Amino acid sequence: MTLDTRPLLRIAAILALSAATTSAFAQSAEYRRGYDDGYAAGLREAGGGGRGEGRGWRVFVEDAEYGTHYASCDARRAVRYQVERNRGTVRADNQLCGDPAHGEPKRLRIVYRCGDSEAVRVVARENETVRLSCRR
């Protein structure tokens, strides 16, 4: 009597692939956290980024979400880019991270900090422009 090992080899291969996939996902999430932490540290050390407005310019975008209450996307990278490029002005539209809820009115929710101050929360409706400022 011979034992057919092919089904066992298939199961072992599937288990190995699922373990590798889980590990890659965990590494990806860890990389993203490290990237965000490094970005934040660089902004703090640079005093808010390259195009400053003097001493009052230290905006750090902690979180940015664009969409509806049931469908949204992470807009942090695009908001950070607009803040740096447009001296704190951000436009809430589908160019931030796509259209997470086609045909529905969307909002941009931003949480930002000025240096070591408490977090500031702002909300802009779709196609509105908002200015993030540290000036009091």
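Of all residues in segment 97-134, those being at positive phi and more than 18 Å from the chain's Cα centre (by Cα) number 3.
Being under 17 Å from residue 66 (Cβ atoms) and among the basic types (Lys, Arg) is the filter here; which residues of segment 108-130 pass it?
Matches in segment 108-130: 109, 121, 125.
Cβ-Cβ contacts under 8 Å between residues 6 or more apart (or on different chains), taken from a first residue in segment 70-92 that is closer than 18 Å to residue 133 by Cα and touching a residue at least 24 places away in the same chain (Cβ under 8 Å) to a second residue that is among the hydroxyl-bearing types (Ser, Thr, Tyr) and part of a helix (DSSP H, G or I), are listed as 80/39.
Would segment 9-32 turn up any residue that is surrounded by 10 or more Cβ atoms within 10 Å (Cβ to Cβ), modelled with pLDDT under 90, within 28 Å of residue 134 (Cα to Cα) and touching a Gly at 6+ places or on another chain (Cβ under 9 Å)? There is no residue in segment 9-32 that is surrounded by 10 or more Cβ atoms within 10 Å (Cβ to Cβ), modelled with pLDDT under 90, within 28 Å of residue 134 (Cα to Cα) and touching a Gly at 6+ places or on another chain (Cβ under 9 Å).
Pairs meeting the criteria (first residue in segment 95-118 and closer than 19 Å to residue 129 by Cα, second residue in a loop (DSSP other than H, G, I, E, B) and polar (S, T, N, Q), beta carbons under 7 Å, at least 6 apart or on different chains) are 104/68; 106/68.
Considering only residues in segment 83-124 that are in a strand (DSSP E or B) and not hydrophobic (A, V, I, L, M, F, W, C), the one that is surrounded by the fewest Cβ atoms within 10 Å (Cβ to Cβ) turns out to be 121. When 36, 74, 63 are checked against the criterion of being surrounded by 11 or more Cβ atoms within 10 Å (Cβ to Cβ), closer than 19 Å to residue 120 by Cα, at pLDDT below 95 and within 12 Å of the chain's Cα centre (by Cα), 36 stands alone in meeting it.
The values are calculated or read from the model by the stated rules, or taken from the named source; none is laboratory data. If you're wondering where the values come from, they're calculated on a predicted model, not measured in any experiment. Glycine gets a Cβ as well: all are built from the backbone with ideal geometry, and neighbour counts include every protein chain shown.
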